[in-house]
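Chemist: The structure is given below, and queries will be raised subsequently.
Values quoted throughout were computed directly from the atomic coordinates according to the rules given, and no laboratory measurement underlies them. Since we're looking at a predicted model, the values are computed, not measured. No Cβ is skipped: glycine too gets one built from the backbone with ideal geometry, and neighbour counts run over all protein chains shown.
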Amino acid sequence: MKFINQTPLKKIERRDFLKTSTLGASGLLLGFHISCSRPFEEEIKEASIFFDPNVYLSINDLGEVTIVAHRSEMGTGIRTSLPTIVADELAADWSKVKIVQALGDEEIYGNQNTDGSFSGRMFYEPMRQAGAAARMMLEQAAADQWGVDASECNALNHEIIHSGSGKKLGFGDLAEAASKLTVPAVEDIKLKNPEDFTLIGKETPIYDLQDIVMGTAGFGIDAQTEGMKISVVARCPVAGGKVQSYDAEETLKVPGVLGVHELEAPAFPMGFNPLGGIAVVAENTWAAIKGRDALNITWDEGANAVYNSESYMSDMVTEIQKPGTVRREEGDIKKALATSSKTLESTYQIPHLSHTPMEPPNTLAHVTEGKCVIWAPTQHPQWVKGTVAAALELDPGNVEVHVTLLGGAFGRKSKPDFATEAALISQKAGVPIKLIWTREDDVHHDYLHACSAQHVKVGLDENNQVIAWNHHSAFPSIGGTSSPDAIQPADFELSLGMLDFPYDIPNICCESHDAPAHTRIGWLRSVCNIQHAYAVGSMLDEVAHLRKVDPVDNLLELLGEDRHIPFDKMMKDFPNYNEKVSDFPANTARMKNVIKLVADKSNWGKTLGSGRGQGICAHRSFLTYVACVVEVEIDENNQLSIPEIHFAVDCGVVVNRDRVKAQFEGGAVYGLSGALSSAITFDKGKVVQSNFHDYQVARINQAPGKVHVHFVDSSEKPTGVGEPPVPPIAPALCNAIFAATDKRLRELPIKLT
């Protein structure tokens with residue numbers, strides 16, 4: 001996500017503002033517009049030359065500050081963090097700030113896709129400007145009332161104070177007068193000095209905490225409307241399959257079942273459309289599920305019925321031993337490897353992974369004549385709006401999307417398929433439909449993280465210096481979900497941990513391989529950084545062992561001189577998370593800093609007893625630098641425990657320490673789940689696993705005893721924090737196990753015996 005254009009802040013006509021929310025019409029109303037490219041390869045849309053605000057701030061005559069949140073809250077705290085930026089610059093009392101969730105509407109709010117860890121870096125400066133502009137207007141209004149210069153008036157804790165007399169006026173007393181003033185031009189806005197921050201960089205509890213704790217928060221699963229019925233769907237267990245025939249006689253006998261409707265199945269690859277199948281509509285969830293169980297369906301399973309993940313992995317492992325498609329090349333890799341005094345090569349494998357958020361997909365949809373209203377836990381309301389409109393053949397302006405809280409997402413709920421499914425069923429049934437996905441539905445029909453095979457070969461010269469790095473990568477591309485021609489990874493996928501390899505080795509070659517998709521592939525927390533960090537982080541530890549160099553010293557040495565790496569000069573159209581490399585360069589000094597910090601804080605190299613070890617991995621993802629040390633203990637029965645994990649993080653300005661810590665604590669467990677126990681496998685095209693008994697998240701006894709998060713103090717622009725915790729966990733864990741046992745683990749999930 002990058003800025004394309006940003007207009008100055010402006011006052012909003014109340015008649016126009018009222019259409020965006022239920023806020024009162026009195027007081028100061030400010031809006032500003034941020035336009036940006038869409039994530040990854042979606043079309044770039046230029047900002048209108050006309051002022052069209054998509055972020056709003058209001059102060060009414062009671063002094064209540066209201067901020068319209070147009071990002072989706074899924075536990076990351078973005079619905080809290082962005083408003084705290086405004087409130088800090090405004091000098092507002094946080095207890096008097098109200099947050100209102102925006103409707104999903106691109107015309108009003110611009111891009112609302114809350115994915116890719118870009119919200120903080122995108123909105124930090126504009127949010128500061130909005131708060132500061134409102135503060136300056138309140139200060140000027142007070143100065144006008146007292147007949148003094150505005151420089152003598154200062155905002156503090158929801159009041160304007162005159163420095164000479166000590167006189168005070170509350171925000172509410174000044175809001176109407178401030179609304180009549182001219183909004184400062186962006187170049188005239190005076191931002192706070194960072195040392196004066198009262199909220200930015202502090203630990204602010206999430207805005208919705210009280211409601212969540214008390215059980216009154218509104219998640220998607222909580223949405224209700226009059227006349228609502230429940231639906232579940234029987235979907236073909238093989239991606240791309242369809243109904244051949246079905247008999248619903250027994251289903252219609254189940255008490256509470258109201259009807260059965262067939263949904264058309266698209267051909268594979270089906271993109272981000274519903275899978276099709278047979279929808280059962282009932283008075284309640286239990287009746288709907290029992291009715292689905294009673295369906296007699298014969299499936300045409302299609303071409304993917306032959307998919308077996310074990311043989312597919314075997315084929316990829318064979319493929320990556322061969323020459324691939326060169327995607328980055330420096331020096332002469334063939335000559336360097338041929339003349340190396342020592343070579344080392346290893347293959348790393350990871351399985352498909354499922355998102356499995358605690359709240360499975362669900363949507364409440366109500367289709368009436370020419371209109372549709374949606375209540376959904378979606379990360380991408382515009383995509384829902386557009387896809388639903390296309391499926392129902394409606395004008396997008398006649399689709400209204402209400403964004404609820406999300407009970408976890410991890411990228412799954414950026415997809416519109418489940419919301420579209422609910423809308424289609426509502427249209428067919430003629431009633432409001434609450435669509436429920438069971439956990440089994442979620443596991444069987446997810447947009448999975450791609451399985452992958454990575455092969456890395458390294459060459460050392462006679463002086464024990466690393467002179468060659470050859471990395472081969474094979475995995476089904478996200479593009480394969482929409483196009484049968486996408487059998488190679490896209491540039492943006494390979495730039496997540498492979499092409500952006502930062503180490504100063506003279507001969508580097510990165511190669512990709514064909515791997516057609518046989519199931520739906522989607523974005524999962526940190527995306528391809530998962531497999532690439534696993535291979536790179538593990539191999540660097542193997543290199544350290546071969547060189548007989550401490551792993552920390554090895555990383556610092558191989559990073560070379562402090563420098564900005566010009567990846568955009570090395571490769572055509574290098575994505576860099578859709579930011580200019582000049583604005584967010586790969587900075588080896590920042591990477592070294594987190595390595596040194598985590599080594600210090602974890603007491604790296606401390607004396608450990610038998611069966612104990614430390615492992616390290618450093619990785620840059622979503623423009624954030626992370627180094628991780630995992631400490632393990634393995635007893636005589638080969639039972640693994642993790643006493644502690646240390647993260648060192650350079651994510652620029654830390655907006656909300658409470659939320660960033662929480663993201664890294666949760667990210668540690670999420671990463672451990674994929675490393676220790678989670679794996680989706682296929683047999684005859686069907687997912688073998690079904691629920692948390694056989695697709696396990698890390699249990700209490702597997703979770704780390706302590707997770708420590710250490711920050712690098714920085715004035716750089718904020719970068720991502722939701723996804724960067726995950727990639728270094730698995731390689732650091734496997735490196736720690738090697739340190740404890742001398743056993744190398746190159747396949748996930750790990751098997752100690």
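Chemist: Would you compute, from DSSP H runs of 4+ residues alone, the mean residue ellipticity of the chain at 222 nm, taking -39500 (n - 2.57) per run and dividing by the full residue count, rounded to the nearest 500?
Modeler: Roughly -8000 deg cm²/dmol at 222 nm, from the helical runs in the chain.
Chemist: Here is a follow-up. Can you give me the C-alpha center-to-center distance between region 402-445 and region 136-157, rounded to a whole angstrom?
Modeler: Distance between centres, Cα-based: 50 Å.
Chemist: What does the net charge come to around Lys661 if you take all other residues with beta carbon closer than 13 Å to its beta carbon, with K and R at +1 and D and E at -1?
Modeler: For residues surrounding Lys661, the net value is +1.
Chemist: Based on a Kirkwood Rh over C-alpha pairs, give the Stokes-Einstein translational diffusion coefficient of region 297-365 at 37 °C and viscosity 0.692 mPa s in µm²/s.
Modeler: Diffusion coefficient, whole number: 186 µm²/s.
Chemist: Expected output is a single nm value to one decimal: the length gained when fully extending between Glu195 and Asn463, i.e. 0.36 nm times separation in residues minus the C-alpha distance. What is it?
Modeler: 91.6 nm
Chemist: Quick one: grab the alpha carbon gyration tensor of region 605-707, order the square roots of its eigenvalues as a ≥ b ≥ c, and give me rounded if a/c is under 1.5, else prolate or oblate depending on whether a/b is larger than b/c.
Modeler: oblate
Chemist: Just to check, using Stokes-Einstein with a Kirkwood Rh over alpha carbon pairs, what's the diffusion coefficient of region 60-206 at 20 °C and 1.002 mPa s in µm²/s?
Modeler: Result for D is 134 µm²/s.
Chemist: Next up: Debye sum, Cα scatterers, region 645-753, no solvent: what log₁₀ I/I(0) at q = 0.15, 0.16, 0.24 1/Å?
Modeler: Relative scattering, expressed as log10 I(q)/I(0), comes to -0.74, -0.81, -1.28.
Chemist: Still on this structure, please answer the following. Once the Cβ-Cβ distance between Asp550 and Lys371 is put in as r, and R0 is 56 Å, what FRET efficiency do you end up with, to the nearest 0.05?
Modeler: With a Förster radius of 56 Å, E is 0.30.
Chemist: Any idea what the relative contact order of the chain is, in percent, if you count C-alpha pairs under 8 Å spaced at least 6 apart?
Modeler: That works out to 13 percent.
Chemist: Shifting gears a bit: Pick out, in residue order, every one of the trypsin sites (Lys or Arg not before Pro) in region 599-672 that is DSSP loop and has at most 12 other C-beta atoms within 10 Å; say none if there are none.
Modeler: Lys606
Chemist: Also, quick follow-up: Any chance you could list the semi-axes, whole Å, largest first, of the equivalent ellipsoid that the Cα gyration tensor gives for region 521-623, using √(5λ)?
Modeler: Its equivalent ellipsoid spans semi-axes of 28, 17, 13 Å.
Chemist: At Arg744 and Glu319, where each label point lies 7 Å from the Cα along Cα→Cβ, what is the point-to-point distance in nanometres?
Modeler: 2.4 nm
Chemist: Divide the volume of the convex hull of the Cα atoms of region 346-493 by its number of residues and quote the answer in cubic angstrom per residue.
Modeler: Roughly 147 Å³ of hull volume per residue.
Chemist: Please give every one of the lysines within straight-line cross-link reach of Lys334, meaning a C-alpha to C-alpha distance under 21 Å, and leave out same-chain neighbours fewer than 8 residues apart.
Modeler: Cross-link targets: Lys322, Lys342, Lys457.
Chemist: Could you pull out which residues in region 379-394 have an amide N less than 18 Å from a spot 7 Å beyond the Cα of Thr225, following the Cα-Cβ vector?
Modeler: Within reach of a label on Thr225: 381-394.
Chemist: Suppose R0 equals 56 Å; then what is the FRET efficiency for Asp514 and Ile700 from their Cβ-Cβ distance, rounded to the nearest 0.05?
Modeler: 0.85
Chemist: If you don't mind, another one. Along the positive direction of the dipole of region 360-449 (beta-carbon charges: Lys, Arg +1; Asp, Glu -1; about the Cα centre), which of His380, Val399, Phe418 reaches farthest?
Modeler: Final value for the positive-end residue is His380.
Chemist: Compare the Cα positions of Met228, Val688, Ala294 along the charge dipole of the chain (+1 at Cβ of Lys, Arg; -1 at Cβ of Asp, Glu; about the Cα centre) and return the one farthest towards the positive end.
Modeler: Val688
Chemist: Sticking with this one: Hey, got the dipole for the chain? About the Cα centre, +1 on K and R Cβ, -1 on D and E Cβ, debye to the nearest 20?
Modeler: Taking the Cα centre of the chain as origin, the dipole is about 580 debye.
Chemist: Read phi for every residue in region 96-111 and hand back ³J(HN,Hα) as whole Hz from Karplus 6.51 cos²θ - 1.76 cosθ + 1.60, θ = phi - 60°, with x for Gly and Pro.
Modeler: Working through the residues one at a time gives 9, 9, 10, 10, 10, 7, 6, 5, x, 7, 5, 4, 8, 10, x, 5 Hz.
Chemist: Label 7 Å along Cα→Cβ of His693; region 293-310 residues with amide nitrogen under 19 Å?
Modeler: The answer is 293.
Chemist: May I pose another question? Placing +1 on the Cβ of each Lys and Arg and -1 on the Cβ of each Asp and Glu in region 543-626, which of Ala618, Asn603, Leu555 has its Cα farthest towards the positive end of the resulting dipole?
Modeler: It is Asn603, whose Cα lies furthest towards the positive end.
Chemist: Return an integer: the convex hull volume of the alpha-carbon atoms of the chain, in Å³ per residue.
Modeler: Cα-based convex hull of the chain, divided per residue, equals 165 Å³.
Chemist: Restricting attention to region 637-713, which chymotrypsin sites (Phe, Trp or Tyr not before Pro) occupy a DSSP loop and are surrounded by at most 16 other Cβ atoms within 10 Å?
Modeler: Phe692
Chemist: For Lys342, enumerate residues with amide H under 5 Å from its amide H, sequence gap 5+ or separate chain, H modeled in the peptide plane.
Modeler: Leu460
Chemist: Find out how many positive minus negative residues lie around Ile487, taking Lys and Arg as positive, Asp and Glu as negative, among other residues whose Cβ is under 12 Å from that of Ile487.
Modeler: Result for the neighbourhood of Ile487: -3.
Chemist: Count the lysine pairs in region 562-651 that are 8 or more places apart or on different chains: how many have C-alpha atoms under 24 angstrom apart?
Modeler: 7
Chemist: Amide H to amide H, which residues 5 or more places from Asp504 or on other chains are under 5 Å from it, using H placed in the peptide plane?
Modeler: Correct list: Leu559, Gly560.
Chemist: Using the Kirkwood formula on the Cα atoms of region 483-538, what hydrodynamic radius do you get, in angstrom to one decimal?
Modeler: Computed over region 483-538, the radius equals 12.7 Å.
Chemist: So what's the gap between the Cα centers of region 668-746 and region 175-220, to the nearest angstrom?
Modeler: So the two Cα centres are separated by 34 Å.
Chemist: Quote the FRET efficiency, to the nearest 0.05, computed for Glu330 versus Glu716 with a Förster distance R0 of 25 Å and r equal to the Cβ-Cβ distance.
Modeler: That gives a FRET efficiency of 0.35.
Chemist: Compute the separation of the alpha-carbon centres of region 84-110 and region 240-309 and state it in Å as a whole number.
Modeler: Here the answer is 42 Å between Cα centres.
Chemist: Name all residues of region 686-713 having a backbone nitrogen under 18 Å from the label point set 7 Å from the Cα of Asn308 along its Cα→Cβ direction, giving them as ranges.
Modeler: Backbone N within reach: 686-689.
Chemist: Still on this structure, please answer the following. Could you tell me which of rounded, prolate or oblate describes region 363-432, using a ≥ b ≥ c as the square roots of the eigenvalues of the alpha-carbon gyration tensor, with rounded for a/c under 1.5 and, failing that, prolate when a/b is larger than b/c and oblate otherwise?
Modeler: Prolate shape, in that a/c is at least 1.5 and a/b is the bigger ratio.
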